[in-house]
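The values are calculated or read from the model by the stated rules, or taken from the named source; none is laboratory data. Just so it is clear, the model here is predicted, and its values are computed rather than measured. Cβ placement follows ideal geometry from the backbone for every residue including glycine, while neighbour counts extend to all protein chains displayed.
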Amino acid sequence: MRPAAVFQIRNTGVFRFKVRVQTQDRLLAALRRCCQTVPDLRRGKNTSYAMTDFVLAAFAPFFLQSPSFLAHQCHLETGHGRSNCQTLFGMSKIPGDGQVRTMLDPVDPAHFSPMFTDILAELRHSGGLDAMRCLDGHLLIARDGSEYHCSDKIHCANCSHRQRGKKTEYFHAMLAAAVVAPGHNRVVPLEPEFIRPQDGHDKQDCESRAVRRWLAAHGSKYALARTLLLDGAARPASRGLGRCNCCESGASAVARVEHCRRIR
């Protein structure tokens, strides 16, 4: 009986590994499909790299958990990481970081929104979403504003700005959304909504307008999944959601949570 038990455990481990690899392969295939919709603004015949190569080259440092894009490029130059890019992503040519930035900066992030739907579909199929349900079977979606660039020197036309003493600070910010659950140390990121400079200079006003845009674009879809929306206590829910029609047409509920302490 003991050898049979050992064999059964090993076989289960191999099965789980195969399932995870198959899921990873399906998600990478979905990413490649998204890449095919990315517009190519180049003119002429100077197209040594496909747009898919640029997108996958930008995705690879995150997938392989490199500390920075530069460190990833240095790793590739030594030859150690090329086999991973070729095997995992099917990349025959690997563009440099300057080429990646030039080609992807003009691309609208909305081109990659279908990836969030594909990830949720895989989680739903595997039972991962059901494991995160709580409060009478609801999914909790937490949302909050976050800055991902700030400088008093480097800026662009899409930067918001504010005064810090005698200096002008330029920054990029977004409304980040994610599926969260008590007792889970991982979250499921959802589509972000970028805060635009013309939204106003007051922080809460910027976030509240981004909330309305996010709900208008995604509210009805996530309402079908029985969701509760969590907002920080610093921003009253009524201010961000009072004029949103999609809440009236199907969103399950809106919860106001102080620093997420009540759901821990």
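Here are a few things to note about the model shown:
Each row is one residue, and each column tells you yes or no for (1) at pLDDT 75 or above; (2) within 21 Å of L120 (Cβ to Cβ).
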| site | (1), (2) |
| --- | --- |
| D40 | yes, no |
| V55 | yes, yes |
| S68 | no, no |
| G79 | no, no |
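- Selected residue (criterion: nearest to the chain's Cα centre (by Cα)) from residues of the range 49-65 that are assigned to a loop (DSSP other than H, G, I, E, B) and of a type outside the set (S, T, N, Q): L64
- Residues of the range 166-190 satisfying the condition of being at pLDDT below 90 and of a type in the set (G, A, S): G183
- Count of residues meeting criterion [over 27 Å from the mean Cα position of the chain (by Cα) and either of a type outside the set (D, E, K, R) or closer than 18 Å to G219 by Cα (or both)] in the range 136-169: 3
- Residue check for E193: crowded, with 16+ Cβ neighbours inside 10 Å, modelled with pLDDT of 90 or more and closer than 28 Å to C35 by Cα: yes
- Annotation: of all residues in the range 82-99 being surrounded by 13 or more Cβ atoms within 10 Å (Cβ to Cβ) and assigned to a helix (DSSP H, G or I), the one that is modelled with the highest pLDDT is Q99.
Okay, residues lined up against (1) farther than 18 Å from R209 by Cα; (2) touching a residue at least 12 places away in the same chain (Cβ under 8 Å):
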site	(1), (2)
L123	yes, yes
D130	yes, no
S160	no, yes
R164	yes, yes
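- Scanning the range 159-175 for residues that are surrounded by 12 or more Cβ atoms within 10 Å (Cβ to Cβ) and out of contact with any helix residue (DSSP H, G or I) (no Cβ under 6 Å at 6 or more places or on another chain) yields a total of 10.
- Test: residue in the range 100-117 that is touching a helix residue (DSSP H, G or I) at 6+ places or on another chain (Cβ under 7 Å), in contact (Cβ under 8 Å) with a residue 12 or more places away in the chain, over 24 Å from A210 (Cα atoms) and in a helix (DSSP H, G or I): yes
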